[in-house]
Amino acid sequence: MMRVWILPLLLAVAGSLVAAGLIARGSPGEGAVLLALFVLIATLNSPLIFPRSISDEEARRRSEADGRPIVYWRPGCQFCMRLRIRLGRQAGRAHWVNIWRDPDGAAAVRAVNDGNETVPTVFVAGRPFTNPDPAWVRERLSPTS
């Protein structure tokens, strides 16, 4: 669980140190802006912007029942972040599995990506798609599909 917070914490600490240095040199405005930028980047790289993750087993069960895609992701992944942001409000319609928290999810991703934990990997109707176009995923999430 702590592993998912290492990068965001490092970014926040680094931003705090750089901002403190700027403030000490008499540039409080620059320090505040830089700190805000580092906190924003830390937040984007944290699990906070992603819908609540569930287990692989639960995601498969729910997907079979409602036909919605399963998105396997991990914090710090720029492609996962891109997918999440581009899905917007529809992101909550997918079932999200954090492969760093769920060993079965990580195994499912490795099984379809030649042993690599390449994310995002999206399963639609049991078929895997590695790093699919966000517009394509959004179509699978629309209420009419």
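The values are calculated or read from the model by the stated rules, or taken from the named source; none is laboratory data. These figures come from a predicted structure and were not determined experimentally. All Cβ positions, glycine included, derive from the backbone under ideal geometry; neighbour counts span all protein chains shown.
Summary table below
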read-out	value
Failed item in (1) at negative phi; (2) surrounded by fewer than 17 Cβ atoms within 10 Å (Cβ to Cβ), with ASN98 passing the rest	(2)
Flag for GLU57 being more than 30 Å from GLY15 (Cβ to Cβ), surrounded by fewer than 20 Cβ atoms within 10 Å (Cβ to Cβ) and either out of contact with any Ser or Thr (no Cβ under 9 Å at 6 or more places or on another chain) or basic (Lys, Arg) (or both)	yes
Count - residues of the range 43-80 that are modelled with pLDDT of 90 or more and part of a helix (DSSP H, G or I)	14
PHE79 surrounded by 14 or more Cβ atoms within 10 Å (Cβ to Cβ) and outside the structural domain of PRO120 (by TED's automatic domain parsing)	no
Filter result (touching a residue at least 40 places away in the same chain (Cβ under 8 Å) and either touching a Ser or Thr at 6+ places or on another chain (Cβ under 6 Å) or part of a loop (DSSP other than H, G, I, E, B) (or both)) within the range 98-125	ASN98, TRP100, ARG101, ASP102, GLU117, VAL119, PRO120, THR121, ALA125
Some residue of the range 24-44 being under 29 Å from VAL124 (Cα atoms), in contact (Cβ under 8 Å) with a residue 40 or more places away in the chain and surrounded by 13 or more Cβ atoms within 10 Å (Cβ to Cβ)	no
Search result, residues across the range 73-103 that are among the basic types (Lys, Arg) and closer than 23 Å to LEU9 by Cβ	ARG74, ARG82, ARG84, ARG101
